[in-house]
Amino acid sequence: MKLIMAVVQDKDSNRLSTALVESNFKATKLASTGGFLRSGNTTFIIGTEDHRVNKLLDVIKENCESRDQMIAPISPMGGNADSYVPHPVEVEVGGATVFVLSIDQFNQF
Ligand code: 2BA
Ligand code: 2BA
């Protein structure tokens, strides 16, 4: 059994949910926030058998696309100086950041 944690963009979240159900994967969605952009994204946690992990990774790849996103300059006035970004910066936000963890036990009571 493996636990897959996939951080995806909110725009892809519904499409991925639908595709997971169609491919018979069970999942839980958590609302999350990117540490860098500080905007919302979605974290899927998906427990599945080892032999289905590659299929799951394919489903995630097919349903999540990378996009460029601009970060507007943020004034430190009245805000947190740690978050000061002097110029607009373009970053490529990936389709999905995926962690695959081994799990000792899967229980449903
Ligand atoms: P349960 O299997 O008791 O699951 C309850 C909730 O636990 C799920 O909510 C989901 O959030 C989480 N969960 C269960 N198994 C998981 C796993 N392998 N990985 C990650 N999270 C997991 P829902 O997704 O809203 O599902 C509610 C109930 O609907 C489920 O109860 C199950 O009886 C049924 N179900 C869920 N997915 C299904 C599917 N693909 N096909 C048929 N029935 C499904
Ligand atoms: P954010 O932290 O909001 O990051 C959004 C995008 O900004 C990243 O896309 C990356 O292109 C860029 N970025 C992030 N941190 C940076 C830094 N310190 N310096 C320069 N550019 C930076 P992705 O790498 O595709 O990540 C998308 C989201 O996935 C991230 O949102 C974060 O929520 C999650 N993530 C990515 N790598 C992670 C990791 N190693 N551990 C936990 N979460 C991660």
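Would you call residue 4 surrounded by 13 or more Cβ atoms within 10 Å (Cβ to Cβ), within 12 Å of the chain's Cα centre (by Cα) and within 11 Å of ligand 1 (Cβ to nearest atom)?
On the way: surrounded by 13 or more Cβ atoms within 10 Å (Cβ to Cβ): yes; within 12 Å of the chain's Cα centre (by Cα): yes; within 11 Å of ligand 1 (Cβ to nearest atom): yes.
Criteria met by residue 4.
Within the range 14-72, how many residues turn out to be in a strand (DSSP E or B), small (Gly, Ala, Ser) and closer than 23 Å to residue 90 by Cβ? Please lay out each step first, then the result.
Step one: filter the range 14-72 for residues in a strand (DSSP E or B), giving 28-33, 40-48, 67-71.
Subsequent filtering for residues that are small (Gly, Ala, Ser) retains 31-32, 40, 47.
When the remaining residues are screened for being closer than 23 Å to residue 90 by Cβ, the result is 32, 40.
Summing the residues that are in a strand (DSSP E or B), small (Gly, Ala, Ser) and closer than 23 Å to residue 90 by Cβ in the range 14-72 gives 2.
From the list 26, 55, exactly one residue is under 17 Å from the mean Cα position of the chain (by Cα) and more than 15 Å from ligand 2 (Cβ to nearest atom). Which is it? Explain how you work it out, then say what you get.
Details: 55 fails: under 17 Å from the mean Cα position of the chain (by Cα).
Of 26, 55, the one residue that is under 17 Å from the mean Cα position of the chain (by Cα) and more than 15 Å from ligand 2 (Cβ to nearest atom) is 26.
Please verify whether residue 19 is surrounded by 15 or more Cβ atoms within 10 Å (Cβ to Cβ), at pLDDT 95 or above and within 30 Å of residue 104 (Cβ to Cβ), treating the condition exactly as stated.
On the way: surrounded by 15 or more Cβ atoms within 10 Å (Cβ to Cβ): yes; at pLDDT 95 or above: yes; within 30 Å of residue 104 (Cβ to Cβ): yes.
In short, yes.
The values are calculated or read from the model by the stated rules, or taken from the named source; none is laboratory data. Please read all numbers here as calculations on a predicted model, not as lab measurements. Cβ atoms come from the backbone with ideal geometry, glycine included; neighbour counts cover every protein chain shown.
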